[in-house]
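Only one structure is covered here, and it is reproduced in the block below.
Just so it is clear, none of the values below were taken in a lab; they were calculated from the coordinates. Just so it is clear, the structure is predicted and the values come from calculations on it, not from any experiment. We place every Cβ from the backbone using ideal geometry, glycine too, and count neighbours over all the protein chains shown.
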Amino acid sequence: MLRVLMVEDQEADAELTARSLRRSGLTFEWERVETEEAFRAALARRPDVVLSDGNVPGFGGLAALAIVRKEMPEIPFIVLSGAPWDQRAQAAIEAGAADFICKADMKALAPAITRVLARRELPTGDER
C-alpha cells in the first residue's frame, strides 16, 4: 500500500488532500506532521512520497525538502501550495522537489504522484 507523508499545519487541508486522492482511485495510508521532530520520526518509517504545504509556519516545505534530499533522496517530494506557480515553487523545484501542485488544481495531484513514483528508482534489495 502507498504510504503518504504530509507536511501540513492545517488538519482540514490534509483531510481535503486525502479525500482528493481517494476520489482519484489511489489506495494509500497517510500521516500528517507539522514540526521537524515529527517529520524526522515519520520519515524514518519510509513513506513512498512526501507532500508538503509550501508554507507551514516554523517548519516549511523547503526545510523538509532539504532533509529529504540529504537523508533519503530516493523519496519523491511534491510541494502543494495555495498560490499558483511563484518564486517559492521555482525554488522548491530547483532544490530537488519532484513536482509542484497548486491546491486549486488537486485533480493534478494523483497523476503527479503516479508519475514521480514511476520515475523513482528503488535501491536494490529494498525490503520495506
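Within 14 Å, Cβ to Cβ, of Ala112, how many net charges do the neighbouring residues add up to if Lys/Arg are +1 and Asp/Glu are -1? Write down the numbers at each step before the final one.
Working: positive: Lys103, Lys107, Arg115, Arg119, Arg120; negative: Asp48, Asp99, Asp105.
Here the charged neighbours net out to +2.
At a threshold of 8 angstrom on Cα-Cα distance, excluding pairs fewer than six apart, so keeping six or more, what relative contact order does the stretch 1-70 reach in percent? It would help to have the intermediate numbers written out before the result.
On the way: 89 pairs, mean separation 30.4, N = 70.
About 43 percent, as a whole number.
Taking only DSSP H segments of four or more residues, each worth -39500 (n - 2.57), what value at 222 nm results for the chain once the sum is divided by all its residues, to the nearest 500 deg cm²/dmol? Don't skip to the answer; put the middle values down first.
Values: 5 runs with 51 residues, N = 128.
The helix contribution divided over the chain gives -12000 deg cm²/dmol.
Amide H neighbours of Val49 under 5 Å, at least 5 residues apart or on other chains, H built in the peptide plane: list them.
Residues meeting the amide H criterion: Arg3, Leu5.
Roughly how many nanometres apart are two label points built 7 Å out from the Cα toward the Cβ at Met72 and Ala118?
Placing both labels 7 Å beyond Cα along the Cβ direction yields 2.4 nm.
What are the residues whose amide H is under 5 Å from the amide H of Arg32, where those residues sit 5 or more places off or on another chain and H is modelled from the backbone?
Here Met6 satisfy the definition.
How do Val4, Val116 line up, fewest other C-beta atoms within 10 Å first? Walk me through the intermediate numbers first.
Numbers: Val4 22, Val116 18.
Least crowded to most crowded, the residues run Val116, Val4.
When each pair of different Cα atoms in the stretch 2-117 is counted once in the 1/r mean, what is the Kirkwood radius in angstroms, to one decimal? Please list the in-between numbers first.
Numbers: mean 1/r = 0.0729 Å⁻¹.
Every distinct Cα pair counted, the radius reaches 13.7 Å.
DSSP loop (so not H, G, I, E, B), at most 12 other Cβ within 10 Å: list which chymotrypsin sites (Phe, Trp or Tyr not before Pro) in the stretch 27-128 pass both filters.
Values: sites: Phe28, Trp30, Phe39, Phe59, Phe77, Trp85, Phe100; in loops: Phe59, Trp85.
Here the sparse-neighbourhood loop sites are Trp85.
What are the residues whose amide H is under 5 Å from the amide H of Ile101, where those residues sit 5 or more places off or on another chain and H is modelled from the backbone?
Here Val79, Leu80, Ser81 satisfy the definition.
Over the chain, what relative contact order in percent results from Cα pairs under 8 Å that are six or more residues apart?
24 percent
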